[in-house]
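Only one structure is covered here, and it is reproduced in the block below.
Any read-out appearing in this document is the output of simple, stated calculations on the displayed coordinates, not a laboratory observation. Every value quoted in this text rests on a predicted model; they were computed, and no experiment measured them. Heads up, the Cβs are rebuilt from the backbone with ideal geometry, glycines too, and the neighbour counts pull from every protein chain shown.
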Amino acid sequence: MLNRLEQQAPDALLALIKLFKADDRPDKIDLGVGVYKTADGATPVFAAIKQAEARLVAEQPSKAYLGPEGDMGFVGALIPHVFGNAAPEGGRLDGMQTPGGTGAVRLALALAKKAGVTRVIMGTPSWPNHAQIVSDLELELVGFSHANPDGSANMDALRAALASAGTGDAILLHGCCHNPTGVDYTDAEWDEIAGILAASPALAVIDVAYQGLGDGMEADAYGLRAVMTCVEEVLVAYSCDKNFGLYRDRVGAFYVATGDGDATARAISNAAALARANWSMPPDHGGAAVRVVLEDDGLTASWLEELESMRIRIGQVRAQLGAAGTAGGVDLEPLGRQKGMFAMLPVSKEQVQQLRSDHAVYMAGSGRINVAGLTTDNIDKFVAALAEVTG
Ligand code: LMR
């Protein structure tokens, strides 16, 4: 029976990790998977996380099961950082821990399906795994163009997509640091989106995977909070993988807000059942480390400071790319205005391949680059390689 299965290509983005590792050219540049790198090209563990882990080793009393909701101390400690004053009160908001942001997106869309959603409206391009999860759940994907050629968000396309939304539709939005385009909605655009959503039958699902890496922890939460203020029912997928540097520990959270505490409790009971059938319980360690950080003012300050230094470095690289103006046939100016780790270069698949084979520059086949992979040592080489390939 199993021999009927067809060979699947490895996930294109994750395959880059191995391809890059196998390349022995010393000046290779990794702009592939979304992992933050320092100006020296390292991805260190946050100092606050190291301390939290040391405390866990010394003091954690047990590793017995917690339950499908995971560490609720972690889930609760994140709420002020994510939702601020917009956190719905009276039991309207609740959440649970998930295996990474992917687990949270999966849970949000599976719950949406259970509640009657059949179509997911989503700006494209998007993180490739969004479409894979939608397809795996046998939901219909309705795409609209996310970005304009000038590097701004395509509000007309979003308005049109929402205008035609009906019951049974969900809309999946990136809360900040859009992956892969780096094109975020402005605050005024978020205000408009929140107003449209308040009057729309579409269920809002917001994926927040890079909070703190765009304009800062508070500023990056503007859109989510604007929506939470105007819209009763919202599903939120949250990732700590990047902003706490916990990638392989898989640390995420799922939140649900409804119009009243009873409906939220019922939604969470369904999410818990879905989690139980999927992964039973989330891995504990990373979430516990985040909880320890967030329960300690000193560790929280250290975490925020380190996160801010990462954000500033990403901004500097973006500014440097923007100032480079053009590289061959590529206009780099919009990159200086965009947010977060990613940007899309208008390069063909052949040019991506040529950058890899001739210049040891690795990026996603779509032309997405992880801006954080550029350092003081390699940015000039990258711009020159891009100019050569696209010139
Ligand atoms: C990325 O887009 O590179 C990250 O979100 C990692 C992943 O899981 O795809």
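Quick notes
- Test: residue in region 82-99 that is under 16 Å from A289 (Cα atoms) and more than 19 Å from the chain's Cα centre (by Cα): no
- Qualifying position, being under 22 Å from the mean Cα position of the chain (by Cα) and part of a helix (DSSP H, G or I), among A42, A48: A48
- Candidate set from region 237-262 (those that are in contact with a helix residue (DSSP H, G or I) (Cβ under 7 Å, 6 or more places away or on another chain) and over 16 Å from G287 (Cα atoms)); member that is surrounded by the fewest Cβ atoms within 10 Å (Cβ to Cβ): T258
- Criterion violated by F83 - all others in (1) part of a helix (DSSP H, G or I); (2) under 28 Å from Y222 (Cβ atoms); (3) free of Cβ contacts under 8 Å to residues at least 40 places away in the same chain satisfied: (3)
- Qualifying residue in region 269-276 (condition: buried (at least 22 other Cβ atoms within 10 Å of the Cβ), within 17 Å of M72 (Cα to Cα) and hydrophobic (A, V, I, L, M, F, W, C)): yes
- Counting the residues of region 1-39 that are among the hydrophobic types (A, V, I, L, M, F, W, C), within 16 Å of the ligand (Cβ to nearest atom) and not in a helix (DSSP H, G or I) gives 5.
- Search result, residues across region 298-349 that are part of a loop (DSSP other than H, G, I, E, B), among the hydrophobic types (A, V, I, L, M, F, W, C) and away from the ligand (no atom under 16 Å from the Cβ): A324, L332, V347
- Just one of (1) touching a residue at least 40 places away in the same chain (Cβ under 8 Å); (2) not in a helix (DSSP H, G or I) fails for A112. It is (2).
- Screening A160 with (1) farther than 27 Å from C230 by Cβ; (2) away from the ligand (no atom under 16 Å from the Cβ); (3) surrounded by fewer than 19 Cβ atoms within 10 Å (Cβ to Cβ); (4) not polar (S, T, N, Q) gives one miss only, at (1).
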